[in-house]
Every structure is written in structure tokens, then in C-alpha cells.
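For reference, the structure is listed below as C-alpha cells.
The values are calculated or read from the model by the stated rules, or taken from the named source; none is laboratory data. It should be emphasised that the depicted structure is a prediction, and the values quoted were computed from it without experimental measurement. Note that we place each Cβ from the backbone using ideal geometry, even for glycine, and neighbour counts take in every protein chain shown. Ligands, DNA and RNA are stripped out before the accessible areas are found, and what is left, the full protein with its side chains, is counted by its heavy atoms. Shrake-Rupley method; radii C 1.70, N 1.55, O 1.52, S 1.80 Å.
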Amino acid sequence: MPPCGLIFKNLTIAIPTFDPALWLYGNSVFQPIKLFFMQLSSFLQRFNEPETLKMAKLGRELRAKGIDVIDLSLGEPDFDTPAHIKEAAIKAIQDNWSHYTPVPGFLDLREAVCSKFKRDNNLDYKPENIVVSTGAKQSLANAILALVDEGDEVIIPTPFWVTYSELVKIARGKVVEIKTTTEQGFKITAAQLEAAITEKTKMFLFSSPCNPSGAVYSRDELQSLAEVFRKHPNVFILSDEIYEYINYVGKPAGRTGRHHSLAEFEEIKDRVAVVNGLSKGFAMTGWRLGYLAAQTEIARACEKVQGQFTSGANSITQKAAVTALTTDLRPTMEMVKEFTRRRARVHELLKEIPGLHCSEPDGAFYVFPDMSSYFGKTDGESVINNAGDMSMYLLHKAHVSSVMGDAFGEPDCVRFSFANSMKNIEEGWRRIKEALRKLK
Ligand SMILES: Cc1ncc(COP(=O)(O)O)c(C=O)c1O
């Protein structure tokens, strides 16, 4: 039997459990119990587990008990990876691509990443600017660990993806939030940015399209931010563009003109690192592949960090990624077409519910309504004081999982994904409406 462990803050006491074998063989059960003390690192105290993963776990636990939970907490496309990408992976296995890979990625993949940047964004990069990783999350971690020192300020507009603030805390940096509102479409203005920059500012970190708000910055909006950065040459920009293709405004997906990046502005390009990956646009979350593009010195620094944590990314995934990035984007566009249909339907369903404030997202696959008009209300059993209570109420009473906005730095909102079938979306929102109706 394994020892059972009790964790008191950062203290683990492991108590050997009673072993029936000892009893059977005549040993006294009154033998002294050995205790050992394990001090967990202070590093662990500096950051939290991702709230998104916690909600997914709670949903799975209820489902395991036979409860029909509709998962609207999902942060991944509910589509299969396109067949031609899977075939490339099968071929890579058969061709014995089974050895360790170079830390920054295979050269042919880094060339494919460069041609993708040229094709979709009209950006020029060379393979030495690219570091391939085990997901965009690792690329973000590499860059933050490579650049942020203790006490450095990292500006993050709210709402932001849960992991940003935690990675900054891991690096002992200081998170400086810029608050945005539903009225401003959850986008910051140049004036807000200017006001947030101090002599300690090291980095600006954001995503467009944004998870959770769905906000997408237009070229003009990015240009006004770029003008501020031009005046502050010590500020580095980490631009998370993982939802690039899942964009409902502008021209068709995957063509220059729809998605815009701060890296387009020549005068600041050397200070921008673009992070992207295959998870969202190619329905490849489990394959784990991300990449970062930056000036060579930054790329080498990220390579150094990654070299000690994980080394090069999975060889089979890398070979499949060459196919994903160099073949046409039809499957991605088909997926985006379906997301577009669901986005419109969710918006209709949301409008039918009194007291929810939400604009239609321009990108990604989430709605992020302000639910604060329900705070202070009760169904007679549960009192809803905040977004966390709301998320739990919906999970336990409506059997719909969501993610509370606090996790994204926006405590009045709750995130609901539409990366689920139309049938589940309809049923999920029917249940939410019913549960909210009971709150008085
Ligand atoms: C904004 C954002 N960035 C990065 C990631 C992580 O992507 P990956 O699966 O490539 O690590 C996510 C995943 O949810 C995300 O929403």
C-alpha cells in the first residue's frame, strides 16, 4: 500500500498506511509509525494551477459519476486533425524519425514556419529566428524566462490568458494589468499603454485574437500601440497569435490582410517575438507544437532555456507540422466556417437571457459575458457572490462547465466556449437560461 500524504501548506507528512501483511505475519501493529517531512519548494508557492484545467477536471469527475455535463469550458477545437497531416505523421514513424531532435527544431520545419510567415503575414524571418517548442505555452515560458528578471514589470491587458500572469510570477516579475471594459471591446488604447509604462517595464504581453474576450486588434489599433512602443525602446513585446486563423473579421483566413501583428511595424519588429502554434488552427492540441519568431539573440536565449527543460519537440509532430504549414488551409477554413455559424447562434441565445452583457467575439471560440447583474442573487440554496460562484452554480445545477473570469483577470465575467457541437451548445445554453431564471 502506498503511504498516504497530508499536505499542510508547504509541509508534506507522509504516514505509512497499515500493512495487513505485517499483521498476518504476527508483527505488532503497534510498531512505531515512521514520519518523514518533505519541504516543497518556495517556487511552487509563487504560482497557481490553470483554472481552465481545474474546471475541465471537475467536469470530468461529475461525468465519471454518470452526470451528463456539457463542457463549455473547452479551450480546444472539437474537430479531428486533418487527414493529410495525420498521414504525414504516419509516414514519419515509418521513415524512422525516432531520434532526438535539434533543440530549436528541424531545419525543414523552421523553413516551413518562415514560409508560413511570408504567405500569411508578409513577414520575413530566417530559420535562425525560429525556435520550435512543445506548444505555444512553452514558447511563452521560454521567452519570459529568457527576458524577465526579478522586479521587472510586465504589462498585461485584462482579460488575459490564465497562464501569462503565472509565468511572469515564476520569473519573479511583477504583473502590471491594464484594465479594459466590454464598452471598449476589451482592447487597450495607446493612452492606457503610455500611462502603464514605467522605467521598470520590461515586457508587454498580449494575445490578438484574445482568449478569453475574442477581441482582435485592427492594423490601425496596432499601429497606435506601435507608436507608443517606438518611444520606449527598452520594452519588449511578446505577441501571442495562436488564434490567428480563428478570426471572424476581415478577409478569409490564412491570407495577408486578415490577421495583423505588431511585428508588421518595421521600427519595432526587432523587439517583437511572435508566438504561434498548431493547436488551435489545425486542431492539433494534443500533438504539442508551438513556435516563436524573434531576432536571433532572443531566439538563441529561448533555445538555451528550452535546451535544459525539454530539448527539441517531438520528431513525429515536427514532420507532420511541415505538412500542416505548407499545404493549403482548406480544412482550417472549413473549421472556421463552422465556428462562425456557432458564434452567430451563441450570440442569439445569449441575447435571450436577461442581464448578460456581451459583445460578439471577433476571434477565438469563446464568449465572455459580464454576469455581475446576477451577483447577490440566490436560488434559495446557493448564493452567487462572484464569477467563481456562478461557474460552480452552473456546473452543479445546470451541469454546464465554464471558466470564471477571475482566472483571466476579469472578475465580473465567465468564459463559455463554443468549441462544442451545435446540439451541445443549444442544450447547454437552454440549461444556463433555466438556471439563471431561478436566481432571485
Ligand atoms: C491565448 C493562448 N495562448 C497559448 C495557448 C497554448 O497553446 P499550446 O497548446 O500551443 O501550448 C492557449 C491555449 O489555450 C491560448 O489560449
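If you take every DSSP beta bridge whose two residues both sit in the range 83-328, what share of them, in percent to the nearest 5, is antiparallel? Mind dumping the intermediate values first?
Details: 8 of 26 bridges.
Once the DSSP bridges in the range 83-328 are tallied, antiparallel ones form about 30 percent.
When all protein chains stay in place, what accessible area (Å², nearest 10, 1.4 Å probe) is found for Asp124?
Counting only protein heavy atoms, Asp124 exposes about 100 Å² to solvent.
Before rounding to the nearest 500, sum -39500 (n - 2.57) across all DSSP H runs of length at least 4 in the chain and divide by the residue total; then give [θ] at 222 nm in deg cm²/dmol. Intermediate values should be presented prior to the final figure.
Details: 13 runs with 157 residues, N = 440.
When only DSSP H runs of four or more count, the value is -11000 deg cm²/dmol.
Calculate, in nm to one decimal, what Glu199 and Glu267 gain on full extension: separation in residues at 0.36 nm each, minus their alpha carbon distance. Provide the component values of the computation, followed by the final result.
Numbers: separation 68, 0.36 × 68 = 24.48 nm, distance 2.03 nm.
Gain on extension, Glu199 to Glu267, equals 22.4 nm.
Can you check what the net charge comes to around Gly380, using other residues whose Cβ is under 12 Å from the Cβ of Gly380 (Lys, Arg +1; Asp, Glu -1)? Don't jump to the answer; show the numbers that get you there.
Values: positive: Lys377, Lys397, Lys438, Lys440; negative: Asp379, Glu381.
With Lys, Arg at +1 and Asp, Glu at -1, the net is +2.
Remind me, relative contact order of the range 192-280 in percent, using alpha carbon pairs under 8 angstrom and six or more residues apart?
Details: 119 pairs, mean separation 27.7, N = 89.
Reported as a whole number, the value is 31 percent.
About the Cα centre, and with charges only on the beta carbon of Lys, Arg (+1) and Asp, Glu (-1), how big is the dipole of the range 83-328? Nearest 20 debye, please. List each step's numbers first, then the result.
Working: 28 positive and 29 negative charges, 97 e Å.
Using only the charged Cβ atoms, the result is roughly 460 debye.
Only sites in a loop by DSSP and with at most 10 other Cβ atoms within 10 Å count here; which trypsin sites (Lys or Arg not before Pro) in the range 334-431 make the cut? Don't jump to the answer; show the numbers that get you there.
Working: sites: Lys337, Arg341, Arg342, Arg343, Arg345, Lys351, Lys377, Lys397, Arg415, Lys423, Arg430, Arg431; in loops: none.
When the trypsin sites (Lys or Arg not before Pro) of the range 334-431 are filtered for loop state and at most 10 Cβ neighbours within 10 Å, nothing remains.
Which net charge results for the neighbourhood of Tyr393, defined as the other residues with beta-carbon distances under 11 angstrom from its beta-carbon, given Lys and Arg at +1 and Asp and Glu at -1? Present the calculation step by step, with values, prior to reporting the outcome.
Values: positive: Lys377, Lys397, Lys438; negative: Asp379, Glu381, Asp389.
Counting the neighbours of Tyr393, the net charge comes to 0.
Under a point-charge model restricted to the Cβ atoms of Lys and Arg (+1) and Asp and Glu (-1), what is the dipole moment magnitude of the chain relative to its Cα centre, in debye to the nearest 20?
Numbers: 53 positive and 54 negative charges, 146 e Å.
The calculation lands at about 700 debye.
Pick out which of Glu348, Glu410, Glu381 has the largest mean-square fluctuation in a Gaussian network model of the chain, springs linking Cα atoms closer than 10 Å.
Judging by the Gaussian network model, the answer is Glu381.
Simple spin-label model, 7 Å along Cα-to-Cβ: Phe79 to Ala344 in nm?
1.7
What chymotrypsin sites (Phe, Trp or Tyr not before Pro) does the range 84-145 have in DSSP loop regions with at most 10 other beta carbons within 10 Å? Spell out each step's value before the answer.
Numbers: sites: Trp97, Tyr100, Phe106, Phe117, Tyr125; in loops: Trp97, Tyr100, Phe106, Tyr125.
Loop-located and lightly packed - Tyr100.
Quick one: net charge around Pro369, please, counting Lys, Arg +1 and Asp, Glu -1 for every other residue with C-beta under 13 Å from its C-beta.
Local net charge: -2.
Points 7 angstrom from Cα along the Cβ direction at Ile67 and Ser224: gap in nanometres?
Roughly 4.5 nm, to one decimal.
Given the pairs Lys377/Lys438; Lys187/Lys351; Lys126/Lys200; Lys169/Lys202; Lys126/Lys269, which span a C-alpha to C-alpha distance of over 20 angstrom in this model? Walk me through the intermediate numbers first.
On the way: Lys377/Lys438 9 Å; Lys187/Lys351 22 Å; Lys126/Lys200 31 Å; Lys169/Lys202 14 Å; Lys126/Lys269 14 Å.
Distance filter (> 20 Å) returns Lys187/Lys351; Lys126/Lys200.
How many Å² of accessible area per residue for the chain, probe 1.4 Å? Please report the intermediate quantities before stating the final value.
Numbers: 20380 Å² over 440 residues.
Accessible area per residue: 46 Å².
Restricting attention to the range 186-230, which GluC sites (Glu not before Pro) occupy a DSSP loop and are surrounded by at most 13 other Cβ atoms within 10 Å? List each step's numbers first, then the result.
Details: sites: Glu194, Glu199, Glu221, Glu227; in loops: Glu199.
Passing sites in the range 186-230 are Glu199.
Say each of Val249 and Tyr100 gets a label point 7 Å from the Cα, pointing the same way as Cα to Cβ; how far apart are those two points in nm?
My value for the distance between the label points is 4.7 nm.
Need one value: the accessible area of Asp71 in square angstrom, 1.4 angstrom probe, rounded to the nearest 10.
So the heavy atoms of Asp71 present about 20 Å² to solvent.
Cross-link candidates for Lys337: which lysines have Cα within less than 17 Å, leaving aside residues fewer than 8 places away along the same chain?
Partners found: Lys251, Lys280, Lys423.
Please calculate the 1.4 Å probe accessible area of Ser98, with all protein chains present, and give it to the nearest 10 Å².
Approximately 80 Å² for this residue.
So in the chain, what percent of DSSP beta bridges are antiparallel if you round to the nearest 5? Write down the numbers at each step before the final one.
Working: 26 of 46 bridges.
The answer is about 55 percent antiparallel.
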